[in-house]
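Inspection log for the structure reproduced underneath, given as structure tokens.
The values are calculated or read from the model by the stated rules, or taken from the named source; none is laboratory data. Values in this document were obtained by computation on a predicted structure and should not be read as measured data. For neighbour counting, all protein chains shown are included, and Cβ atoms are generated from backbone atoms with ideal geometry for every residue, glycine included. Heavy atoms of the whole protein, side chains included, go into the accessibility calculation; ligands, DNA and RNA do not. Shrake-Rupley method; radii C 1.70, N 1.55, O 1.52, S 1.80 Å.
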Amino acid sequence: MKTWNVPSAPCWADLSAADPRAAAGFYQRLFGWELGEVPGLDGYRAFLSEGEPVGGLGPRRPGRRPSVWRPYFVAGPDGTGESPAERVALARGKVLGEPVEVPGVCRATLCADSSGAVFGLWEPDGHRGFGRVNAPGSPAWLDLATTDPDGSRGFYTEVFGWQARRAAPGAGFPYTEWSLGGQPFGGMTPITEAFPAGTVPRWLVYVAVRDCDAAAARGARLGANVLLPPTTVEPGRFSVLADPQGAMFAVIALAREENGEGRPATGGERAAAIMG
């Protein structure tokens, strides 16, 4: 992830969990994360790595989707006078609720893109977002799996001004790389028959680790389901897991961890690995 915490870029990720206390224990043991307070927002905590914020944790609202990780993007101005939420609606997305305002922190609004993948708009108010990225224990990449790549490409380009570049495919599967100002931070792959049955459009958050195999094995011992065993690709070694409450995430040992140049596996590479 080469850009973050600037307008239209990734700036946060949080976990909506049915049992936040159990979820906190799982990720504390898996990544060594600590918990920090978020003033003004009852029931919501920040995950800390080396004392820096790397994500959040809150209770799942009754009737909402299962436990899930969600990315947030800085709601940047576009010069038209439209609010970020208005741009989402105009691009055929949905605003899923009223904004949550936390004085001194942010104004956050949950949305869904044109294919149904959930993300958040983040308007900073004293809290920029991630305190570190690409280092072990912090976010490193984001991937969107979608049933409508063309529609999703148009949606995110219209709402955030992202550049969409067709990257070299993994095992013949198309992959699109997202970037801002030429700085990549994520990608997109179509949902195909290679994905598990019932896969719905969603974002996948990658967390950097030093040793992918050790992290996946530790996750399994803690009750996670290893959806994709550790697999080596050019950007590094990665694994996809679902935590004990079903929230999907990925771990990645970047091949060039120290300078953040490693790119986690593309959706095509993941799909190829799943197919065996």
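Only one residue in G56, G25, G43, G36 is in contact (Cβ under 8 Å) with a residue 24 or more places away in the chain and among the small types (G, A, S). Which one?
G56
Can you say whether C111 is closer than 24 Å to S49 by Cβ, in contact with a strand residue (DSSP E or B) (Cβ under 6 Å, 6 or more places away or on another chain) and not basic (K, R), as far as the supplied structure shows?
no
If I ask for residues that are over 14 Å from M1 (Cα atoms) and modelled with pLDDT of 95 or more, which ones from the stretch 177-193 would you list?
Within the stretch 177-193, no residue meets the criteria.
On the basis of being buried (at least 17 other Cβ atoms within 10 Å of the Cβ) and hydrophobic (A, V, I, L, M, F, W, C), does A112 make the cut? Lay out the reasoning, then the answer.
Details: buried (at least 17 other Cβ atoms within 10 Å of the Cβ): no; hydrophobic (A, V, I, L, M, F, W, C): yes.
Considered against the rule, which asks whether it is buried (at least 17 other Cβ atoms within 10 Å of the Cβ) and hydrophobic (A, V, I, L, M, F, W, C), A112 comes out as no.
Hey, can you tell me all the residues within the stretch 56-91 that are of a type outside the set (A, V, I, L, M) and modelled with pLDDT of 95 or more?
Selection gives G56, W69, R70, P71, Y72, F73.
Going through the stretch 34-54 one residue at a time, which ones are open to solvent by less than 30 Å² (accessible area, probe 1.4 Å) and over 17 Å from the mean Cα position of the chain (by Cα)?
Passing the criteria: G36, V38.
Are there any pairs with C-beta distances below 8 angstrom linking a residue in the stretch 218-247 that is touching a residue at least 60 places away in the same chain (Cβ under 8 Å) and in a loop (DSSP other than H, G, I, E, B) to a residue that is open to solvent by 50 Å² or more (accessible area, probe 1.4 Å) and of a type in the set (D, E, K, R), with the two at least 6 apart or on different chains, and if so which?
Final answer for the pair search is L222/R29; Q245/D19.
When you scan the stretch 32-58, how many residues do you find that are in a loop (DSSP other than H, G, I, E, B) and either under 22 Å from A253 (Cβ atoms) or not β-branched (V, I, T) (or both)? Steps first, answer last, please.
Pass one, the stretch 32-58, residues in a loop (DSSP other than H, G, I, E, B): 32-33, 38-44, 50-51.
With the extra rule that they be either under 22 Å from A253 (Cβ atoms) or not β-branched (V, I, T) (or both), the set shrinks to 32-33, 39-44, 50-51.
Within the stretch 32-58, residues that are in a loop (DSSP other than H, G, I, E, B) and either under 22 Å from A253 (Cβ atoms) or not β-branched (V, I, T) (or both) number 10.
Is it true that A140 is crowded, with 18+ Cβ neighbours inside 10 Å, out of contact with any helix residue (DSSP H, G or I) (no Cβ under 8 Å at 6 or more places or on another chain) and in a strand (DSSP E or B)?
Answer is yes for this residue.
Would you say S179 is part of a helix (DSSP H, G or I), small (G, A, S), open to solvent by less than 20 Å² (accessible area, probe 1.4 Å) and at negative phi?
Details: part of a helix (DSSP H, G or I): no; small (G, A, S): yes; open to solvent by less than 20 Å² (accessible area, probe 1.4 Å): yes; at negative phi: yes.
When the stated conditions are applied, S179 does not pass them.
Which one of R87, R29 is more than 20 Å from A135 (Cα to Cα) and part of a helix (DSSP H, G or I)?
The unique qualifying residue is R87.
For residues in the stretch 205-254 being at pLDDT below 95 and among the charged types (D, E, K, R), which is least open to solvent (accessible area, probe 1.4 Å)?
That would be R237.
I need the full set of residues from the stretch 1-12 which are buried (at least 23 other Cβ atoms within 10 Å of the Cβ) and more than 9 Å from F73 (Cα to Cα), in order please.
M1
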